[in-house]
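Have a look at the structure below, then the notes.
No lab work stands behind these numbers, since they all come straight from the coordinates. Since the model is a prediction, treat every value here as computed from it, not as a measurement. All Cβ positions, glycine included, derive from the backbone under ideal geometry; neighbour counts span all protein chains shown.
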Amino acid sequence: MSVLDRIGQKLLFTFDPETAHGLSIAALRCGLPAGMRTMRDARLGVRLCGLDFPNPLGMAAGYDKNAEVPDALLGLGFGFAEVGTVTPLPQSGNPKPRIFRLTADEAVINRLGFNNEGHAAAEKRLAIRKGRAGIVGVNIGANKDSADRIGDYELGVARFASYASYLTVNISSPNTPGLRNMQAREQLGELLSRVMAARAAASARPPVFLKIAPDLVEAELEDIAAEVAEKQVDGVIVSNTTISRPALRSGASGETGGLSGKPLFERSTIVLARMRKLLGPDMAIIGVGGVDSADAALEKIRAGADLVQLYTGMIYAGPALPGRIVAGMARFAETEKLASIRALRDTRLGQWASKPLS
């Protein structure tokens with residue numbers, strides 16, 4: 001981390017996490033901070049689901065909930081950015097405080113609950129950037145009090161299909177009661193059938209990804225893989241935050257909510273590898289959880305990921321992190337004489353898939 005990043009982190013850490021997040025969004029809207037300049041390297045390019053990603057590193061959903069700064073995020077060095085989660089109606093989310101830094105663990109616990117300004121506000125911003133270069137995905141969810149949660153996802157597809165490079169169906173947040181139940185096979189089958197039908201009826205047909213939890217047993221992973229394949233979903237994002245609690249040192253470790261950051265790396269990577277084995281070599285998979293360095297990003301690819309995403313890592317490493325990771329991946333490709341970073345995929349699939357989930 002640079003001296004400037006350290007100063008910026010210390011300043012932001014004087015505020016509560018939610019205020020600090022708002023300040024970082026405001027800074028990006030104003031063109032600050034500048035990211036580390038990254039040169040486009042053909043060896044890092046990934047073609048997936050008809051999209052050409054300049055590099056495999058993306059900003060995960062949860063940071064830019066209201067589609068305020070996707071282009072600024074791309075300017076930090078990310079190969080793509082995912083906005084949301086966006087629900088049809090605005091909602092305030094769960095009571096504050098609802099974000100907790102676990103600094104000693106380089107982790108965060110959040111129980112935000114899909115706080116966002118709703119479809120209309122996000123659509124207005126995305127309409128302004130329509131036609132610009134850059135891959136921007138839209139993560140869609142359901143309102144907490146919705147009478148038809150699957151209908152909320154259909155509305156999200158219809159609303160954002162013409163603006164999104166891809167759509168992510170988020171049923172894996174632990175902070176909306178009952179949402180994760182939609183990962184069960186019967187509900188998932190109905191959800192994916194209706195989502196894919198909504199895409200078929202839309203004016204544009206972006207790829208659809210399903211974002212899953214890391215807290216699933218093997219039988220549940222098998223059911224999800226079967227439904228994803230049957231309904232011809234384009235890809236899977238592994239994973240959201242975890243409700244499990246590995247050994248943690250921070251005082252806030254007992255807070256309820258989803259845990260993200262470094263402690264999530266192992267569990268999410270094991271689930272990623274198992275999903276790759278279940279889905280086979282052709283399904284698109286994005287690996288998320290504990291990515292905070294080039295080494296961590298490369299290991300996700302070795303475990304079966306086509307692309308990787310981060311969010312919490314940037315809280316602790318600063319806005320230059322994506323540029324450093326992309327530069328590190330490029331150096332690795334050069335040192336190892338790789339024609340493409342994709343040559344690394346699955347090279348440790350077996351090792352990761354065979355690890356036990358603690």
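Mean separation of Cα pairs under 8 Å and 6+ residues apart, divided by the residue count of the chain: what relative contact order is that in percent?
Across the chain, relative contact order equals 19 percent.
Show me, for the stretch 16-27, the HN-Hα J-couplings you get by feeding each phi into the Karplus relation (A = 6.51, B = -1.76, C = 1.60, θ = phi - 60°), rounded to Hz, glycine and proline as x.
For the stretch 16-27, the Karplus-derived couplings read 5, x, 6, 5, 4, 4, x, 5, 5, 5, 4, 5 Hz, x marking Gly and Pro.
Along Cα→Cβ, 7 Å out, is where each label goes; now give me the distance between the ones at A121 and E334 in nm to one decimal.
4.3 nm
Straight-line reach from K130: which lysines have a Cα under 30 Å away, not including same-chain ones fewer than 8 places off?
K65, K144, K211, K231
Counting other beta carbons within 10 Å of each Cβ, put K300, K124, K277 in order, fewest first.
So the residues, fewest neighbours to most, are K124, K277, K300.
Taking each pair of distinct Cα atoms in the stretch 178-241 once, what is the resulting Kirkwood hydrodynamic radius in Å?
12.2 Å is the Kirkwood radius here.
May I ask you to sort I135, I325 by Cβ crowding, counting other Cβ atoms within 10 Å and putting the fewest first?
By the 10 Å Cβ count, ascending, the order reads I135, I325.
If you average over every viewing direction, what projected area does the convex hull of the Cα atoms of the stretch 257-336 give, in nm²?
5.8 nm²
Return the percentage of antiparallel bridges among DSSP beta bridges fully within the chain, rounded to the nearest 5 %.
Among the beta bridges of the chain, antiparallel pairing accounts for roughly 30 percent.
Of the residues A198, A27, A164, which exhibits the maximal mean-square fluctuation in a Gaussian network model of the chain defined by a 10 Å Cα contact cut-off?
Largest GNM mean-square fluctuation: A27.
Using the Cα atoms of the stretch 289-346 to build a convex hull, what is its mean projected area in square nanometres?
One quarter of the hull surface, i.e. the mean projection, equals 3.6 nm².
I'd like the Kirkwood hydrodynamic radius of the chain, using the inverse of the mean 1/r over distinct C-alpha pairs, in Å.
Hydrodynamic radius (Kirkwood, Cα only) of the chain equals 20.1 Å.
Roughly what would the spin-label model give for L248 and S92, points 7 Å off Cα along C-beta, in nm?
2.6 nm
What net charge is computed for the residues neighbouring S244, neighbours being all others with C-beta under 9 Å from the C-beta of S244, Lys and Arg scored +1, Asp and Glu -1? Kindly include the intermediate steps, with their values, before the conclusion.
On the way: positive: R245, R267; negative: D215.
Here the count lands on +1.
Shape verdict for the stretch 84-222, please, from the Cα gyration tensor: rounded (a/c under 1.5), prolate (a/b greater than b/c) or oblate. Mind showing how you got there, number by number?
Values: a/c = 1.61, a/b = 1.19, b/c = 1.35.
Cα axes put the stretch 84-222 in the oblate bin.
Based on DSSP H runs of at least 4 residues, each adding -39500 (n - 2.57), what is the mean residue ellipticity at 222 nm of the chain after dividing by all its residues, to the nearest 500 deg cm²/dmol? Spell out each step's value before the answer.
Numbers: 12 runs with 131 residues, N = 358.
It lands at -11000 deg cm²/dmol.
Which residues' amide hydrogens lie under 5 Å from the amide hydrogen of A303, considering only partners 5 or more residues apart or on another chain, with H built in the peptide plane?
Here D346, R348 satisfy the definition.
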